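This report refers to the structure that appears directly beneath it.
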Amino acid sequence: YAFFVTYARLAGWTPAEAAPAVAERPALDRWILSRAAGTAEIVEERLRDVDALGATRALSAFLDGLSTWYLRLTRRRFSRSDDAADRSAAFATLHAALVATTRMLAPTLPFLADAMYTNLVSSVDDTAPDSVHLTRFPTAELATNRDLDLEASMDVARRAVDLARTLRSANRLKTRQPLA
């Protein structure tokens with residue numbers, strides 16, 4: 001959230017700025033929006049079953065993917081991209097993911113979710129509801145972004161990268177010389 005707000009202000013980006021359609025965005029953008037859709041389904045199901053712990057665990061897993069995978073791989077698109085459409089797509093994607101997050105967080109962290117929503121949405125859009133608590137849960141809106149094949153492919157890529165990091169770390173430990 002802080003990353004987005006900082007870079008959006010520096011770039012002068014607003015949600016009113018035109019962005020490519022979701023289907024035309026890079027795979028990473030489509031993946032995080034698909035994950036947001038899947039997370040919304042799980043969170044809504046868990047909350048309907050009065051399982052706040054299950055809902056927050058699903059949100060935590062989504063936020064981990066958003067901050068450690070999506071942002072790590074797209075960071076340059078926000079500050080150093082010469083392609084205006086790509087930069088706009090990156091901002092629009094992160095904005096959509098964060099707005100979806102605020103709407104999913106609202107039942108469990110109402111004040112934080114409302115503060116984030118106010119900054120991300122109602123302060124820049126006069127037609128939007130004044131509070132996140134006046135919006136519907138985002139499951140139905142996000143459903144069109146769901147792409148299970150893309151999610152499966154990205155999971156394989158994430159596991160491969162994690163395995164490579166583990167092997168690299170183990171190799172470093174093996175090759176270190178004793179201090180004495």
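Observations on the model:
- The chain, accessible surface, carbon-and-sulfur percent (1.4 angstrom probe): 55
- Computed from Cα atoms alone, the Kirkwood hydrodynamic radius reported for the range 24-180 is 17.4 Å.
- Accessible surface ranking that places the most exposed of His133, His95 first, with a 1.4 angstrom probe: His133, His95
- Value of [θ]222 nm, deg cm²/dmol, for the chain, DSSP H segments ≥ 4, -39500 (n - 2.57) each, nearest 500: -21000 deg cm²/dmol
- Across the chain, Cα pairs under 8 Å and at least six residues apart give a relative contact order of 29 percent.
- By average C-beta atoms within 10 angstrom, highest first, the peptides 126-132, 137-143: 137-143, 126-132
- The range 57-118, Rg to Rh (Cα coordinates; Rh as Kirkwood inverse mean 1/r): 1.04
- Electrostatic dipole magnitude of the chain [Cβ: Lys, Arg +1; Asp, Glu -1; Cα centre; debye, to 20]: 1260
- Solvent-accessible area per residue for the chain (1.4 angstrom probe, square angstrom): 59
- Length released on extending from Leu53 to Val5, taking residue separation times 0.36 nm less the Cα-Cα span: 14.4 nm
- Calculated FRET efficiency for the pair Ala115/Ser79, C-beta based, R₀ 35 Å, to 0.05: 0.90
- The phi-based Karplus calculation (6.51 cos²θ - 1.76 cosθ + 1.60; θ = phi - 60°) puts the 3J(HN,Hα) values of the range 76-91 at 5, 5, 7, 10, 10, 7, 7, 8, 4, 5, 5, 5, 4, 4, 4, 5 Hz, whole numbers, x for Gly and Pro.
- Hydrodynamic radius of the range 89-156 per Kirkwood, over alpha carbon pairs, in Å: 13.0
- Trypsin sites (Lys or Arg not before Pro) restricted to DSSP loop in the range 1-80 with at most 10 other C-beta within 10 Å: Arg80
- Residue among Thr14, Thr68, Thr108 with the largest mean-square fluctuation in a Gaussian network model of the chain, springs linking Cα atoms under 10 Å: Thr68
The values are calculated or read from the model by the stated rules, or taken from the named source; none is laboratory data. Just so it is clear, the structure is predicted and the values come from calculations on it, not from any experiment. No Cβ is skipped: glycine too gets one built from the backbone with ideal geometry, and neighbour counts run over all protein chains shown. Areas reflect the complete protein model, heavy atoms only, side chains present, ligands, DNA and RNA absent. Shrake-Rupley method; radii C 1.70, N 1.55, O 1.52, S 1.80 Å.
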